[in-house]
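J.: Just dropping this structure here.
The values are calculated or read from the model by the stated rules, or taken from the named source; none is laboratory data. Please read all numbers here as calculations on a predicted model, not as lab measurements. So basically every Cβ, Gly included, is an ideal-geometry build from the backbone, and we count neighbours across all protein chains shown. Just the protein is used for accessible areas: all its heavy atoms, side chains included, with ligands, DNA and RNA removed. Shrake-Rupley method; radii C 1.70, N 1.55, O 1.52, S 1.80 Å.
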Amino acid sequence: MTDPLLRLTGLTKAYPGVIANKDVSFDIGRGEVHALLGENGAGKSTLVKTIYGLVKPDSGKMTLEGAPFQPAEPRAARAAGVAMVFQHFSLFDAMNVAENIALGMENPPAQSEIAARVLAVSDQYGLPLDPSRIVGELSAGERQRVEIIRCLLQDPKLLIMDEPTSVLTPQEVAILFETLRKLSAEGTAILYISHKLEEIRALCETATVLRLGEVVATCDPRATSARDMAELMVGSTLHVPEKAARDVGDVVLSLKNLSAKAPHRFGTSLRNISLDVRKGEVLGIGGVAGNGQDELVAALSGEMPTGADMLHYKGKAIGQMRPNERREIGLLAAPEERMGHAAAPDMSLTENAIMTATTRQRLTTRGFLHWAKARGFAEQVIKAFDVRTPGPQNAARSLSGGNLQKFVIGREIMQDPEVLVVNQPTWGVDASAAAAIRQALLDLASKGAAVICISQDLDELMEISDRFAALNEGRLSAPRPARGLTVDEIGLMLGGAHDMEVAHDSA
Amino acid sequence: MDLSSINPVLLVASLMVAATPIMLAAIGELVVERAGVLNLGVEGMMITGAICGFIVAVNTGSPWLGFIGAAIGGAILSLLFGVLTQLLLSNQVATGLALTLFGLGLSALMGQGYIGIKAPAFPDWDVPLLSDIPVIGPIVFQHDPMVYVGIFLVAAVWAFLKYSRAGLVLRAVGENHEAAHALGYHVIRVRLLAIMFGGACAGLGGAYLSLVRVPQWTEGMTAGAGWIALAIVVFASWRPWRLLLGAYLFGGVTVLQLNLQAAGAAIGVAYLSMAPYLATIAVLVIMRAGRAPGSLGQSFHASR
């Protein structure tokens, strides 16, 4: 029993123009919870895909329990006892839970037997799930359960989890960690990838840090501070966003009983949202994905017109205004999905800049474009927000997620908005870029603009918000000062149990 | 107009015959679309099948061999589409339209020496005993074998998609090809097989026109049947049994308008001939289409 469960030796994988993994070696022991850390593009995904048989390494080898391990395809990896829960869930919306699980298994039994086994496993690990439900109707947490149960039904020796908690509420995270600890105690090793360092400190025994494809450090996360780990990942001192003291001014934007029907079948209706947003404040709105975030952004940006009186901007009813009219008066928005919603992937950065900045930057005259001016504006954004790209003529698609995110947020901030609405501003962005974006939002607020930041990352919201509110099934809780809120209180707000707080306090 | 000249039993019986070519082509396209591929070349594959089947049947004297030849011809033509769209990642819509034009031209070329020839007879297949039942017998049990093959194919596709492992994988590939790839399924291979099945079915549908319904070869004889088949797949919300319904609906209107023409209805012939197509459009507009397969029409390339 001296062999580790999985040993990686000198794994190297190069893509044209970039080395994704360079001489990566480390061991994962039986039952060990092993964290894999690194910024975006550090090579974590390539590495786990190599282990799962989706990517063939150029050189290097792996051994599983002492025997050579070179899975040619995921099927082989699964047969050897390696299972993986994907970051972007590998689920099929139109199919039911049992079918989805059958697809992830080698020799699935009949549907009825799968259903029985799903019930058994979900009971054993405290993951309630109905096998006959259609996956498209499940919440993010439930969808993840489908993935996990799919893995567990194969009795894996190694479970790979890629960013599993990014879409979960704190309570769901707690349940997940219980499950993982139980698995680990039963001898299943877990390779855990996350940006959330506090989670890694709470869960993992060993951490391997990757930077630019190389292993730069191995540490014990329980004995290392989150800040130290972040600096190992980045390779330099991490800049923590600073809140400048600032005055909160008059109300600029108020929502009065904002209600709207769900725009499509899997959408959420907005119900009676009332809110006042003041100059110079950052209002954080938390909530689990799919509780009305997209709809709220659409209502504020003008994509989804509402009753005219439901939205007031400086005392003027604007509910029926189109997006460009709202931009004209200073209400700007950056939606969550950067590829395809905030930016058109196949158009250049200059063209993408024109799309939202035409009105405020005066990039057109009588319908004709000022290309030079537009290019200049795009270059300004690229420079001010440190967007790594050869130039504004490059297509949005060619940028990495974090860089494009900096560009689309920067594009709005550079237009000097009076109210800026952002949804998930740092989703999938690495630590240093995320810090830069948060700092930019804080700077904007200190210049007197109001910022509404919708996010699922509670640490982020606590870091930058002055007030915090939670969205739940299209309802918004009353905002509370962010300072001093505890995780438990936030969890209750997110769970929609607003009334329970009273009982909780008096108890 | 003499409505009494329309015999309802014959009307329903000929409805089943009229619906068969569209049903055959549509069930193939349904499988293709459930695998996430939009092949607009159904018309081209049908007419290629029509001439291939006709040539084989005339030269061998066997309609059965003719149908087999038609299926192979349609599958080969569809493989061209498959290679272009799946391996060379060409645009599916443009390639499908080109395939239709190519098939029309190719079939005209192949059929040069076959104009005016009659196809070998394909006798009806009276089911013993059952065909003697009054009314139901002539409607359901006195047809040529391909009518039953069509219905059998619909049932087989339904069972395949619902109960078999391979059917589940095929639906998975059509629903979310990235996820299917991540789980280790061969997206391109599944799609190529589905495309070839679609081509073979379209070929059968075309051959049914040239060997049974007409039965002769004329250029452009499919006359839009491939497009109707495509529409019926959408009408059916990608579900086999509703596809059967759609095909019979279209077949029914076709037969009815022919009967009305024969009965001397006071409506212009042009309007009557239009009726099946108008009915298809009307139904498509009124019906709320179901949810299309998630990856329909998207090219897949395993980049990462």
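J.: Please list A:436-446, A:388-398 highest first by mean number of surrounding beta-carbon atoms within 10 Å per residue. Please report the intermediate quantities before stating the final value.
T.: Details: A:436-446: 20.6, A:388-398: 15.1.
Per-residue Cβ counts within 10 Å, averaged per peptide and sorted highest first, yield A:436-446, A:388-398.
J.: With viscosity set to 1.567 mPa s and temperature to 4 °C, compute the Stokes-Einstein D of segment A:419-479, Rh being the Kirkwood radius across alpha carbon pairs; µm²/s, no decimals.
T.: On the way: Rh = 12.2 Å.
The estimated diffusion coefficient comes to 106 µm²/s.
J.: Go through segment A:322-327 residue by residue and turn each phi into a ³J(HN,Hα) via Karplus (6.51, -1.76, 1.60, θ = phi - 60°); whole Hz please, and just put x for glycine and proline.
T.: Using θ = phi - 60°, the values come out as 7, x, 5, 5, 5, 4 Hz.
J.: Then there is this: So, counting K/R as plus one and D/E as minus one, what does the shell of residues with Cβ under 11 Å around B:Ser107 add up to? Intermediate results must be reported in sequence, preceding the final value.
T.: Details: positive: none; negative: B:Glu43, B:Glu219.
Here the charged neighbours net out to -2.
J.: Now a separate question. Can you give me the Cα centroid spacing of segment B:122-198 and segment A:221-283 in angstrom?
T.: 53 Å
J.: Rounded, prolate or oblate: pick one for segment A:352-421, where a ≥ b ≥ c are the square roots of the eigenvalues of its C-alpha gyration tensor, a/c under 1.5 means rounded, and failing that, prolate if a/b is larger than b/c, else oblate.
T.: Details: a/c = 2.06, a/b = 1.30, b/c = 1.59.
Taking the square roots of the gyration eigenvalues as a ≥ b ≥ c, segment A:352-421 is oblate.
J.: Something else about it: Using only Cα positions of segment A:86-170, each an equal point scatterer, no hydration layer, compute I(q)/I(0) via Debye at q = 0.22, 0.23 Å⁻¹ and quote the log10 values to two decimals.
T.: At q = 0.22, 0.23 Å⁻¹ the computed log10 ratios are -1.11, -1.22.
J.: So what's the gap between the Cα centers of segment B:1-77 and segment A:138-202, to the nearest angstrom?
T.: Their Cα centres are 52 Å away from one another.
J.: Can you divide the C-alpha Rg of segment A:1-50 by 2.2 N^0.38 Å and report the result to two decimal places?
T.: With N residues counted in segment A:1-50, Rg over 2.2 N^0.38 Å equals 1.26.
J.: How many Å² of accessible surface get buried when B and A come together, counting both sides, probe radius 1.4 Å, rounded to the nearest 100?
T.: On the way: alone 13670 and 21930 Å², together 33890 Å².
Summing both chains' loss of accessible area gives about 1700 Å².
J.: Here is a follow-up. Taking 60 Å as R0, compute the FRET efficiency from the Cβ-Cβ separation of A:Arg397 and B:Lys118 and round it to 0.05. Before the final figure, lay out the partial values.
T.: Numbers: r = 58 Å, r/R0 = 0.97.
E between A:Arg397 and B:Lys118, to the nearest 0.05, is 0.55.
J.: A further question on this structure: So which lysines can A:Lys373 reach, going by Cα to Cα under 23 Å and dropping same-chain residues fewer than 8 places off?
T.: In chain and number order, the partners are A:Lys383, A:Lys406.
J.: Identify all lysines with a Cα-Cα distance to A:Lys157 below 22 Å; exclude those on the same chain that are fewer than 8 residues away in sequence.
T.: A:Lys44, A:Lys49, A:Lys56, A:Lys61, A:Lys182
J.: Now, a different point. Which order do peptides A:354-361, B:135-142 fall in by mean Cβ count within 10 Å, highest first?
T.: Taking the mean over residues of other Cβ atoms within 10 Å, the ranking is A:354-361, B:135-142.
J.: From the C-alpha gyration tensor of segment B:1-123, pull out the three semi-axes of the equivalent ellipsoid (sqrt of 5λ each), sorted largest to smallest, in whole Å. Walk me through the numbers before you get to the answer.
T.: Working: eigenvalues 177, 85, 34 Å².
Equivalent-ellipsoid dimensions as semi-axes: 30, 21, 13 Å.
J.: Same structure again: Around B:Pro145, under 13 Å between beta carbons, what's the net of Lys plus Arg minus Asp minus Glu among the other residues? Don't skip to the answer; put the middle values down first.
T.: Numbers: positive: none; negative: B:Asp124, B:Asp126, B:Asp144.
That works out to -3.
J.: If I take every Cα pair under 8 Å that is 6 or more residues apart in chain A, average their sequence separation and divide by the length, what percent do I get for the relative contact order? Don't jump to the answer; show the numbers that get you there.
T.: On the way: 1032 pairs, mean separation 73.3, N = 507.
Over chain A, the number comes to 14 percent.
J.: Angle between the Cα long axis of helix A:140-152 and the longest principal axis of chain A, 0 to 90 degrees, nearest 10?
T.: 10 degrees
J.: Next question. For chain B, what relative contact order do you get, as a whole percent, if you take Cα pairs closer than 8 Å and at least 6 residues apart?
T.: Numbers: 592 pairs, mean separation 113.3, N = 304.
Contact order relative to length: 37 percent.
J.: Work out Dmax and Rg for segment A:157-268 from the C-alpha atoms and quote the Rg first, both in angstrom.
T.: 20.2, 59
J.: Sort B:250-261, A:132-143 by the packing proxy (mean of other Cβ within 10 Å over each peptide's residues), most packed first. Display every interim value, and only then the final one.
T.: On the way: B:250-261: 20.2, A:132-143: 16.5.
Highest-to-lowest ranking by the protection proxy: B:250-261, A:132-143.
J.: Report relative contact order for segment B:152-271 in percent, whole number only (criteria: Cα-Cα under 8 Å, sequence separation at least 6).
T.: 19 percent.
J.: Taking the Cα centre of the protein assembly as shown as the origin, how large is its charge dipole in debye, to the nearest 20, when only Lys and Arg (+1) and Asp and Glu (-1) carry charge on their Cβ atoms?
T.: Numbers: 66 positive and 74 negative charges, 303 e Å.
The dipole of the protein assembly as shown has a size of about 1460 debye.
J.: What net charge do the residues around B:Val233 carry, taking every other residue with its C-beta under 13 Å from that of B:Val233, with Lys and Arg at +1 and Asp and Glu at -1? Could the numbers behind the result be given before it?
T.: Numbers: positive: B:Arg34, B:Arg239, B:Arg242; negative: B:Glu29, B:Glu33.
Every neighbour counted, the sum reads +1.
J.: Assuming a ≥ b ≥ c are the square roots of the Cα gyration tensor eigenvalues, decide whether segment B:147-266 counts as rounded (a/c under 1.5), prolate (otherwise, with a/b larger than b/c) or oblate.
T.: Working: a/c = 2.71, a/b = 2.14, b/c = 1.27.
It is prolate, given that a/c is not under 1.5 and a/b is the larger ratio.
J.: Rounded to the nearest 0.05, what FRET efficiency is calculated for B:Ile136 and B:Trp241 with R0 set to 25 Å and r the Cβ-Cβ distance?
T.: Numbers: r = 20 Å, r/R0 = 0.81.
Computed FRET efficiency for B:Ile136 and B:Trp241 comes out at 0.80.
J.: Moving on. On a 0 to 90 degree scale, rounded to 10, what angle separates helix B:42-60 from the longest Cα axis of chain B?
T.: 60 degrees
J.: Can I get the semi-axes of chain B's equivalent ellipsoid? Compute them from the C-alpha gyration tensor as square roots of 5 times the eigenvalues, in angstrom, largest first. Kindly include the intermediate steps, with their values, before the conclusion.
T.: Working: eigenvalues 211, 95, 72 Å².
The answer is 32, 22, 19 Å, longest axis first.
J.: About its Cα centre, what dipole magnitude does chain B give when the only charges are +1 on Lys and Arg Cβ and -1 on Asp and Glu Cβ, stated in debye to the nearest 20?
T.: Details: 13 positive and 11 negative charges, 188 e Å.
With only Lys, Arg, Asp and Glu charged at Cβ, the dipole is about 900 debye.
J.: How much solvent-accessible surface does B:Phe197 expose, in Å² to the nearest 10, with a 1.4 Å probe and all protein chains in place?
T.: Counting only protein heavy atoms, the figure is 70 Å².
J.: Taking N as the number of residues in the protein assembly as shown, what is its Cα Rg relative to 2.2 N^0.38 Å? The partial results should precede the final answer.
T.: Numbers: Rg = 31.3 Å, N = 811, 2.2 N^0.38 = 28.0 Å.
Against the compact-globule rule of thumb, the ratio is 1.12.
J.: What accessible area per residue, rounded to a whole number of Å², is obtained for the protein assembly as shown using a probe radius of 1.4 Å?
T.: On the way: 33890 Å² over 811 residues.
That works out to 42 Å² for each residue.
J.: Something else about it: What list of ³J(HN,Hα) values in whole Hz, one per residue of segment B:24-38 in order, does the Karplus curve 6.51 cos²θ - 1.76 cosθ + 1.60 (θ = phi - 60°) give from phi, with Gly and Pro shown as x?
T.: 4, 5, 5, 5, x, 5, 4, 5, 4, 6, 5, 7, x, 10, 9
J.: How many partner chain Cβ atoms sit within 10 Å of a residue's Cβ in peptide A:102-115, on average, as a whole number?
T.: Mean partner shielding for this stretch: 2.
J.: Let me ask something else. Give the cross-link partners of A:Lys314 among the lysines, using a straight C-alpha distance below 20 Å as the criterion and excluding same-chain residues fewer than 8 apart.
T.: A:Lys256, A:Lys279, A:Lys447
J.: How tilted is helix A:349-361 with respect to the longest principal axis of chain A? Cα atoms for both, answer in degrees (0 to 90, nearest 10).
T.: 30 degrees
J.: Another question, if that's okay. Applying the Karplus parametrisation 6.51 cos²θ - 1.76 cosθ + 1.60 with θ = phi - 60° to the phi angles of segment B:159-170, what ³J(HN,Hα) value in whole Hz is obtained for each residue in order, glycine and proline being reported as x?
T.: Listing the rounded values in order: 5, 4, 5, 7, 10, 9, 4, 4, x, 5, 5, 4 Hz.
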